[in-house]
Amino acid sequence: MLSEVLLVSAPGKVILHGEHAVVHGKVALAMALNLRTFLRLQPHSNGKVCLNLPNIGVKRAWDVAGLQLQDTSFLEQGDATVPTAEQVEKLKEVAGITQDGAKPEGLAVLAFLYLYLSICRKQ
C-alpha cells in the first residue's frame with residue numbers, strides 16, 4: 001500500500017503528421033509541449049477513493065467497499081481497450097451519472113472508473 005504522497009507528471013504532445021500511420025510502421029512527426037499533466041496519489045484511511053480534477057470542476061469520492069461490491073463482470077466483455085455501450089451504461093450507474101455523460105466532466109469520471117475498476121479486478 002502507498003505510504004506517502006506520489007507525484008508524477010508527463011509532458012503534453014502534438015503529432016503534426018502521421019498520427020495513424022505509425023500503427024502501420026510509417027513515420028510520424030511528434031513534439032513535446034511545455035504543458036504537463038500531473039497525477040498525485042495520496043493514501044487516506046477514510047476508506048474512500050477520491051477523484052479531483054480542478055481544471056474541469058470535478059471532485060468525486062466513492063467508498064472503496066461499495067465499489068468492491070459492484071458487479072464488474074461487464075468489464076470482461078468485449079475488447080479490453082474499448083468499452084462497449086453496455087459497459088459505459090453500467091459505469092454511468094456506478095458513477096451516478098444520469099445525463100450529460102458526454103460532457104468532458106462526465107467522460108473524465110467514466111474514464112477514471114473504468115481504469116480503476118479494471119485495475120482492481122486484476123488484483
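The single condition from (1) at pLDDT below 90; (2) at negative phi that GLY96 fails is (2).
Here is a check on your reading of the model: is SER45 in contact with a Leu (Cβ under 9 Å, 6 or more places away or on another chain) and hydroxyl-bearing (Ser, Thr, Tyr)? No. May I ask you to verify whether LEU75 is closer than 27 Å to ARG121 by Cβ, among the hydrophobic types (A, V, I, L, M, F, W, C), at pLDDT 85 or above and out of contact with any Cys (no Cβ under 7 Å at 6 or more places or on another chain)? Spelling it out, it is not the case that LEU75 is closer than 27 Å to ARG121 by Cβ, among the hydrophobic types (A, V, I, L, M, F, W, C), at pLDDT 85 or above and out of contact with any Cys (no Cβ under 7 Å at 6 or more places or on another chain).
Among the residues in segment 53-61, are any touching a residue at least 12 places away in the same chain (Cβ under 8 Å) and assigned to a loop (DSSP other than H, G, I, E, B)? Yes, some residue in segment 53-61 is touching a residue at least 12 places away in the same chain (Cβ under 8 Å) and assigned to a loop (DSSP other than H, G, I, E, B).
The values are calculated or read from the model by the stated rules, or taken from the named source; none is laboratory data. The model shown is predicted, which means the values in this text are computed figures rather than measured ones. Because the Cβ atoms are built from the backbone with ideal geometry, glycine has one as well, and the counts that use them run over all protein chains shown.
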